[in-house]
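All remarks here apply to the structure that follows.
Taken together, the values in this text are just the output of simple stated rules run on the coordinates, not laboratory data. These figures come from a predicted structure and were not determined experimentally. Don't worry about glycine lacking a Cβ; one is built from the backbone with ideal geometry, like all the others, and counts go over all protein chains shown.
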Amino acid sequence: AEVKMASVVAAGSGFLRPAVAMRRSRVKGRSAEDDAGSPLQDLTSPSLTPWEVLGIDVATRQEVSIADVRRAYRARMKVYHPDVYTGDVTDKEANARRVVAAYAAVARESGLLDGGDGAQAVDWDANSNSEVFSWAREDADPFEEPEGPAQSVFVNEFACRGRGACPGYCCCVERNPGSFAWAEDTNAARFRIDAETWGDLNRRAMSTGASDAVKEDADIAAHRLNLAVGQCPETAIHWVTPRQRTVLEGFVADAVDGTSAPNEAGARVYELLAKAKWENGRAAAPAASKRRAKASTRWVDWY
């Protein structure tokens, strides 16, 4: 069966995104409701395979598409994301990192993700470390209080021109295939789950133990990523924090799966992107002046 994503009006621009055909698969994976009704697992257990972490039945692995893997990933993150996780594991982010690594491992094992120039595979046994502000709170809304610098990337698929409609000189997928790929379920560009963020590339470029070749490669990759964000003709690529990206991608996934109306999901994405841009800019200011009102008595008559 095919589902059509309805046109979404971009806030303030009047731009209409054409309806895009999306395919649904019959491969069974665990849903957020399944997880909500059963005891939460510790997904960091070394005995679990990537397939088990995502909750995908190994017997159906030959029928699994990238859309199925992504759907299972989103269902897991709705339960195991640090902002909503209710288990008793001390490191709440450990489960989320395990889900991210499982997604990349399953996709690569199934041949659903290719290497791509500059692509860096997520190590199944590795725990990535994103920079976090010292004042960040785990229970805070990431769009009200960003947890760290906006060094990850989100593609607003409601605004993206889509496959074949974007000129090659400014197409993020053609210019930087190691960071972006065409999404099979929407035909829009999407930041690859196995791609390095700007923060990852910057840390690699600044590493004291890295060779000059590794540092130069990281610098080039960071430059390409910056160009892709800045040259998007629809300004559909945004700098966000990891938690913001998770929430935003959830709205896109809900529109694809039919969980929510595309018009509503698209409007919510535009709203949250506007908030993210504002709050991320404020959070990037020096901590000493963060969220402090500036007052002056200059040019004020007190009589």
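Binning all Cα-Cα separations of the stretch 166-264 at 5 Å, short to long from zero, yields these whole-percent fractions: 2, 12, 19, 21, 19, 13, 7, 4, 2, 1. For the listed peptides 251-260, 146-155, a ranking on the average number of other beta carbons within 10 Å per residue, highest first, reads 146-155, 251-260. Provide the net charge surrounding Leu272, with neighbours chosen by a C-beta distance below 12 Å and charges set as Lys +1, Arg +1, Asp -1, Glu -1. Charge balance near Leu272 sits at 0. Over the stretch 125-206, the pair-distance histogram of Cα-Cα distances with 5 Å bins from zero comes to 3, 13, 19, 18, 16, 15, 11, 4, 1 percent, rounded to whole numbers.
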